[in-house]
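The values are calculated or read from the model by the stated rules, or taken from the named source; none is laboratory data. The shown structure was predicted, so the numbers you read here are calculated from the model rather than taken from an experiment. Here the Cβ positions follow ideal geometry from the backbone for every residue, glycine too, while neighbour counts run over all protein chains shown. Quick note on the areas: whole protein, heavy atoms, side chains included, nothing else; ligands and nucleic acids left out. Shrake-Rupley method; radii C 1.70, N 1.55, O 1.52, S 1.80 Å.
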Amino acid sequence: MVLTAFRPTRDIQSETPGFLPVSVTLEHFGKAVAADGFWIFWRNSLLVTAGCVLLALVVALAAAFAVARMRWRGRRGFVLMVFLAQVAPWEALLIPMYVIARDADLLDRLATLSLIYFMITLPFTIVTLRSFLAAVPAELEEAAQVDGCTRAVAFRRVTLPLLAPGLLATSLFGFITAWNEFAFANMLVIKNQDDRTLPVWLSSFSNVFGTDWGATMAASTLFALPVLVLFLVLQGRVSAGMTGGAVKG
């Protein structure tokens, strides 16, 4: 993808292609950035993704705390439902979600996409954070409460900092899921084209005359860049987070 993005059009369509480009050009990147709505769709993807990740973290953290720290009737059944929701194929919800959004007048809205992505990522976030919370000894919070902290303050000052790897790991998963999702974004944004996201925008380089492969690969490279940069920045913590989340519970 990256090599094709830097390859001149004549080399892309050559009858005898080579792996490494003979010459390099930035023409395709200029065409991608100058395409109609590029920055608008970039902003839309960031807003939708940020809304999904933040909402999932807040709700999942509360649910994971209730499951890992409290004992209440129906807790096992709740955990089982979360696991079942995690393994269920979200593609099966395409038509029901469209009907609900249409009847509730929620089509062509970025908030609708954020809510749907939040629903998709929530089960995984709950399961992962539950494992991290279970790995943190409850005695640490109890000691803080003995020293005068309330339960909420003890959780915020003692447990929450220890959950940083898990929060980063689940945030990255939610970010990738929402950033890459195409089906719901393509189906729920129909009339207002300015509310489209980057995955849908990528299809704009294909028309009845064919596909501009150079511009498509350049746009795909720009699309993948934020996820790559985020992963490289958080690599150490994310690796620890995913390993820790897979060991417990």
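Things to note:
- Residues that are among the small types (Gly, Ala, Ser) and in contact with a Gly (Cβ under 9 Å, 6 or more places away or on another chain), drawn from segment 118-148: 131, 134, 135
- Residue match in segment 8-29 (condition: open to solvent by less than 40 Å² (accessible area, probe 1.4 Å) and among the acidic types (Asp, Glu)): yes
- Residue 32 vs. criteria over 21 Å from residue 160 (Cβ atoms) and assigned to a helix (DSSP H, G or I): yes
- Meets criteria (within 19 Å of residue 88 (Cβ to Cβ) and either aromatic (Phe, Trp, Tyr) or modelled with pLDDT of 85 or more (or both)) for residue 122: yes
- Filter result (within 12 Å of the chain's Cα centre (by Cα) and open to solvent by less than 40 Å² (accessible area, probe 1.4 Å)) within segment 158-176: 169, 170, 171, 172, 174, 175
- Residues being open to solvent by 80 Å² or more (accessible area, probe 1.4 Å), assigned to a helix (DSSP H, G or I) and not basic (Lys, Arg) - total across segment 64-82: 2
- Given (1) surrounded by 12 or more Cβ atoms within 10 Å (Cβ to Cβ); (2) within 22 Å of the chain's Cα centre (by Cα); (3) modelled with pLDDT of 85 or more; (4) under 24 Å from residue 199 (Cβ atoms), index of the condition residue 5 fails: (2)
- Counted residues, segment 100-116 - those being open to solvent by less than 50 Å² (accessible area, probe 1.4 Å) and either without any contact (Cβ under 8 Å) to a residue 40 or more places away in the chain or of a type in the set (A, V, I, L, M, F, W, C) (or both): 5
- Hits in segment 13-33 - residues which are under 29 Å from the mean Cα position of the chain (by Cα) and in contact (Cβ under 8 Å) with a residue 60 or more places away in the chain: 28, 29, 31, 32, 33
- In the condition set (1) open to solvent by 30 Å² or more (accessible area, probe 1.4 Å); (2) within 28 Å of residue 99 (Cβ to Cβ); (3) in contact (Cβ under 8 Å) with a residue 60 or more places away in the chain, residue 181 is compliant with all but (1).
- Subset of segment 138-157 (residues that are more than 18 Å from residue 63 (Cα to Cα) and either acidic (Asp, Glu) or open to solvent by 30 Å² or more (accessible area, probe 1.4 Å) (or both)): 139, 140, 142, 143, 145, 146, 147, 148, 149, 150, 157
- Hits in segment 181-219 (condition: within 26 Å of residue 7 (Cβ to Cβ) and touching a Leu at 6+ places or on another chain (Cβ under 9 Å)): 182, 198, 216, 217, 218, 219
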